[in-house]
Amino acid sequence: YQIGRFGLMHKKWLKENHRNIYTAKLIKGELDKYILDVDTRAKEMYDNLLKQLAEQEGITEQLKATDMLAWVQSMNNISNRAREIVYNEIIYNVK
C-alpha cells in the first residue's frame, strides 16, 4: 500500500505520543491497515474541504484565468485552513 503524507504524519505522532497504542497495533499486525485508513480518511476530508471552502469564497477557474496571483493566494489560504482542520480532527487525534 502507498501511504501518503497524512498517514505518515499520524504514524509518527502516534509513535511519539501514544506509544502503547502504536505498539499494540504493531504487535496485532493492524498498524499498516490502520494508518492506511487514517490516510484515506484524511485525504478525502482535505479534498472535500478544499472544494467546499473554494466554493464558499467564490474561488473559480474564472479568477484563475483573470488574476492568477489572487487565485494562488486564495487557494494557498484555503489549503492551509483545510490542512489545519484535518490535522486537528484526524491526524492528531486517536479514535
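The values are calculated or read from the model by the stated rules, or taken from the named source; none is laboratory data. As the structure is a prediction and not an experimental result, all values here were calculated from the model. All Cβ positions, even for glycine, are placed from backbone atoms using ideal geometry, and neighbour counts span all protein chains on display. Just the protein is used for accessible areas: all its heavy atoms, side chains included, with ligands, DNA and RNA removed. Shrake-Rupley method; radii C 1.70, N 1.55, O 1.52, S 1.80 Å.
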Legend entry - Residue match in segment 41-54 (condition: among the aromatic types (F, W, Y), in contact with a Ser or Thr (Cβ under 9 Å, 6 or more places away or on another chain) and surrounded by 11 or more Cβ atoms within 10 Å (Cβ to Cβ)): yes
Inset, instruction - May I ask you to list the residues in segment 76-86 that are open to solvent by 30 Å² or more (accessible area, probe 1.4 Å) and touching a residue at least 24 places away in the same chain (Cβ under 8 Å)? - result: R81, R83, I85
Legend entry - Neighbours by Cβ (under 6 Å, 6+ apart or cross-chain): first from segment 23-34, charged (D, E, K, R); second in a helix (DSSP H, G or I): K25/L31; K25/Y34
Inset, instruction - Given the conditions (1) open to solvent by 60 Å² or more (accessible area, probe 1.4 Å); (2) assigned to a helix (DSSP H, G or I); (3) at pLDDT below 95, report the number of the one that L63 does not fulfil. - result: (1)
Legend entry - Pick from segment 1-39, criterion over 20 Å from V86 (Cα atoms) and not in a helix (DSSP H, G or I), ranking: most open to solvent (accessible area, probe 1.4 Å): Y1
